[in-house]
Amino acid sequence: MHTISDAPAPPSPAATLYIHIPFCRSKCAYCDFFSAPARGGDNGLYERYTDALLAEWRMRKNELPTLPSTIYLGGGTPSLLPMPVLKRLMDALLAEIPRHTLMEATIEANPEDVTPRWLEMIHEVGFNRVSIGIQSFDSSELAAVERQHSPIDSIRALTALAENGWNHSADLIYGLPGQTLELWRRNIERLLAFRPPHLSAYLLSYEPGTRLYARMAAGKVAETDEDTAQQMYDYLCRRTAEEGYLHYEISNFALPGRHAIHNSAYWNLTPYLGLGCSAHSLDKDSVRRYNPLSVKEYIHTLLSAPARIAARVDPETPSNRFNDLVITALRTSAGLRKDAIPDTFRTEFQVNLRPLLASGAVTDLGDSYAIPASRWLTADSILRDLIVT
Ligand code: SF4
């Protein structure tokens, strides 16, 4: 049995590791993440991809200032990997990263993969947290975006996670085609009945290049209007607060002490190493690197003649780095710490900030500035006004 401690909000790691598993059984209609077809469980492909991941780890681990304190296996659908492949990957990493230094090791999973036996096995290979993509408990809403799992799969998976005391996060999407405010309320209530330690909720976004976007362009579906989206968000904020969740970032809610440690580290620009195709990284010298998209090119480059894999390298300018910090920090309840504002940008930032403080769009919390949570959904226009040049 895996238990969760009742500790308060966890400390921040000094470095984190992200691993991208690009394979999916099918492509969801709204998805613009990089993913490749799972090809009916081609173990040879998964083995070669794992070889490439480990070659990249050996080559690039020194870009981090220290060994990572969190591992996050995202995708794609990492839960479709065969257990021997997952074990080989984690064994190799944990041979170098002492388990007792790992604050969090998360694997993303689709509901149909999460069974009591699977949970037992991933615990044995070294994971201590699961992030599960529920998205909706309504079969018509799931079908509208071509998700492959059923509401029953989700209920079984959430039951298994709860009964086995797993630290986990559950994702929902609001503004799905055909979803009314009442249907969204039912989704939230069904999820809250399981009392997951952490939940994330995202407004559906219509991204160019997706099938959903093409349907919208053809007039077959329509985006949820702003008022309804705001009402959905308000209901989400109210009900999670009533149930004791802390709303600590625009899309993230945690029971006390259950913040997502890995994801929170992105928001304060902690160095991270991203392994795998399409992964990106931020090294200890504030250089951002972007890996190539193609699985074939990624495997070939790493396994034939290991060389620098990055498809693009962007040294961050001081203004880019500060703007990144403003954009991420002001979407969190902690806000932007005043002592994190560099002297170089202090005057320009204060000029930009003054009207926003006067209108209440930004509040002064003493040691930090924050946007009230009720305005996070429309924070982009506020953030645009704060960008320094
Ligand atoms: S399972 Fe996730 S990553 Fe894969 S296609 Fe669907 S939304 Fe995209």
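The values are calculated or read from the model by the stated rules, or taken from the named source; none is laboratory data. Bear in mind the structure is a predicted one, so any value in this text is a computation, not a measurement. Note: ideal-geometry Cβ built from the backbone for every residue, glycine included; neighbour counts use all protein chains shown. Only protein heavy atoms, including side chains, enter the accessible area calculation; ligands, DNA and RNA are left aside. Shrake-Rupley method; radii C 1.70, N 1.55, O 1.52, S 1.80 Å.
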Practice problem: Could you go through the range 270-286 in sequence order and give the Karplus-derived ³J(HN,Hα) for each residue, using 6.51 cos²θ - 1.76 cosθ + 1.60 with θ = phi - 60°, rounded to whole Hz, and x for Gly and Pro? | Solution: 5, x, 9, 10, x, 9, x, 5, 6, 6, 10, 9, 10, 8, 5, 9, 6
Practice problem: Would you pull out the residues with amide H under 5 Å of Leu203's amide H, same chain only if 5 or more places away, H placed 1.01 Å from N? | Solution: Tyr174
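Once you have the Cα-Cα distance between Glu189 and Thr378, take 0.36 nm times their residue separation minus that, and quote the gain in nm to one decimal. Before the final figure, lay out each step's value.
On the way: separation 189, 0.36 × 189 = 68.04 nm, distance 2.44 nm.
Length gained, Glu189 through Thr378: 65.6 nm.
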Quiz item: Whole number please: convex hull volume per residue of the Cα set in the range 341-389, in Å³?
Solution: 77
Practice problem: Apply the Karplus parameterisation 6.51 cos²θ - 1.76 cosθ + 1.60, with θ equal to phi minus 60°, to every residue of the range 129-142 and state each ³J(HN,Hα) to the nearest whole Hz, in sequence, with x for glycine and proline. | Solution: 7, 10, 10, 10, x, 6, 6, 6, 9, 10, 5, 5, 5, 5
Exercise. Post the alpha-carbon centroid distance, the range 302-360 to the range 107-135, in whole angstrom.
Key: 33
Self-check item: Amide H contacts under 5 Å for Glu146, placed H, 5+ residues apart
Solution: Ala29
Exercise. Please list, in chain and number order, the residues 5+ apart from Phe23 or on another chain whose amide H is under 5 Å from its amide H, with Hs placed from the backbone.
Key: Ala36, Thr77
Practice problem: Per residue of the range 75-80, in order, report the coupling 6.51 cos²θ - 1.76 cosθ + 1.60 (Karplus, θ = phi - 60°) as ³J(HN,Hα) in whole Hz, putting x for Gly and Pro. | Solution: x, x, 10, x, 6, 7
Exercise. Set the Förster distance to 51 Å, then compute FRET efficiency between Gln231 and Arg58 from the Cβ-Cβ distance, nearest 0.05.
Key: 0.50
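Please give the calculated 222 nm ellipticity per residue for the chain, where each DSSP H segment of at least 4 residues contributes -39500 (n - 2.57) and the sum is spread over every residue; nearest 500 deg cm²/dmol?
-11500 deg cm²/dmol
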Quiz prompt | Accessible area per residue in Å² at 1.4 Å probe, computed on the chain | solution = 44
Self-check item: C-alpha center-to-center spacing [the range 175-231, the range 46-64] in angstrom
Solution: 36
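How high is the relative contact order of the chain, in percent, counting Cα pairs under 8 Å that sit 6 or more residues apart?
Here the relative contact order equals 19 percent.
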Practice problem: Alpha carbons only, please: Rg and Dmax for the chain, in angstrom. | Solution: 21.0, 60
Practice problem: In whole angstrom, note down how far apart the Cα centers of the range 237-288 and the range 153-167 are. | Solution: 22
Self-check item: FRET E, pair Ile152, Arg346, Förster distance 51 Å, beta-carbon r, rounded to 0.05
Solution: 0.40
Self-check item: Accessible carbon and sulfur surface of the chain relative to its total accessible area, %, 1.4 Å
Solution: 53
Quiz item: Looking at the chain, which Cys residues are left with no other cysteine's beta carbon under 4.7 Å from theirs?
Solution: Cys24, Cys237, Cys277
